[in-house]
1. Please identify the pairs in which a residue from region 99-127 that is without any contact (Cβ under 8 Å) to a residue 60 or more places away in the chain and exposed (fewer than 10 other Cβ atoms within 10 Å of the Cβ) has its Cβ atom under 6 Å from the Cβ atom of a residue that is in a helix (DSSP H, G or I) and of a type in the set (A, V, I, L, M), counting only partners at least 6 apart or on another chain.
2. Quick one: residue 51 ticks every box in (1) in contact with an Asp or Glu (Cβ under 9 Å, 6 or more places away or on another chain); (2) modelled with pLDDT of 90 or more bar one, so which box is it?
3. Under 7 Å between Cβ atoms, at least 6 apart or on separate chains: pull out the pairs that start in region 60-80 with a residue that is assigned by TED's automatic domain parsing to the domain that holds residue 34 and end on any residue that is outside any helix (DSSP H, G or I) and among the aliphatic types (A, V, I, L, M).
4. Taking residue 86 and the conditions (1) exposed (fewer than 10 other Cβ atoms within 10 Å of the Cβ); (2) closer than 16 Å to residue 29 by Cβ, which numbered condition does it fall short on, given that it satisfies the others?
5. Are any of the residues in region 113-127 closer than 23 Å to residue 39 by Cα, in a helix (DSSP H, G or I) and aromatic (Phe, Trp, Tyr)?
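The values are calculated or read from the model by the stated rules, or taken from the named source; none is laboratory data. Small disclaimer: the values here were computed from a predicted structure and weren't measured. No Cβ is skipped: glycine too gets one built from the backbone with ideal geometry, and neighbour counts run over all protein chains shown.
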Amino acid sequence: MSAALTTKMQTANARAALGRFLRVALQSAALAGIWVAADFVARKLALPVPGGVIGLVVLLALLFCGGVAPRWVKAGADWLLSDMLLFFIPAAVAAVQYGGLFMEDGWRLALVVVAGTLMVMVAVAFAVDQAARLERRLALRRALVARHARA
């Protein structure tokens with residue numbers, strides 16, 4: 001392989017890597033921007049809901065209505081999700097600082113965590129079941145409409 005061809009390949013690889021990096025950085029910044037804007041709104045309106053939850057609902061609404069295409073945020077979201085463990089390190093360090101609290105009330109905290117986790121699991125299972133039923137009904141309705149349209 002010639003040196004010129006090798007250099008061209010390296011340049012192409014570097015450009016592709018830079019493009020991926022910029023795409024992830026811009027998409028992550030867009031997601032952070034949605035969160036910051038939602039947090040600002042939550043604070044200014046003194047809403048009882050955290051800005052992160054409002055931002056999630058706004059992003060979900062934008063994805064559903066077509067205002068944001070999933071490919072516009074996928075790379076950034078994938079990167080954030082893959083490195084999510086890093087975001088929990090401050091919480092783990094804070095937990096170590098309150099060792100006495102865990103010694104006294106650890107069983108209560110564990111009970112709340114387990115009960116909360118179970119409630120979330122049940123709620124998600126119920127929501128997924130209801131969504132699957134709705135999807136089946138809509139597919140059946142579409143099939144019936146298509147059948148009547150042909151007849």
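1. Every condition considered, no pair remains.
2. (2)
3. 62/68
4. Just one mismatch for residue 86, condition (2).
5. Taking region 113-127 as the starting set, the residues that turn out to be closer than 23 Å to residue 39 by Cα are none.
Scanning region 113-127, I find no residue that is closer than 23 Å to residue 39 by Cα, in a helix (DSSP H, G or I) and aromatic (Phe, Trp, Tyr), so the answer is no.
Yes or no, residue by residue, for (1) farther than 24 Å from residue 21 by Cβ; (2) at pLDDT 90 or above; (3) assigned to a helix (DSSP H, G or I):
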{"site": "46", "(1), (2), (3)": "yes, yes, no"}
{"site": "58", "(1), (2), (3)": "yes, yes, yes"}
{"site": "86", "(1), (2), (3)": "no, no, yes"}
{"site": "94", "(1), (2), (3)": "yes, no, yes"}
{"site": "102", "(1), (2), (3)": "yes, no, yes"}
{"site": "107", "(1), (2), (3)": "yes, no, yes"}
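Yes/no per residue for (1) more than 30 Å from residue 102 (Cβ to Cβ); (2) of a type in the set (Asp, Glu); (3) in a helix (DSSP H, G or I):
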| residue | (1), (2), (3) |
| --- | --- |
| 11 | yes, no, yes |
| 18 | yes, no, yes |
| 26 | yes, no, yes |
| 30 | yes, no, yes |
| 52 | no, no, yes |
| 67 | yes, no, no |
| 78 | yes, yes, yes |
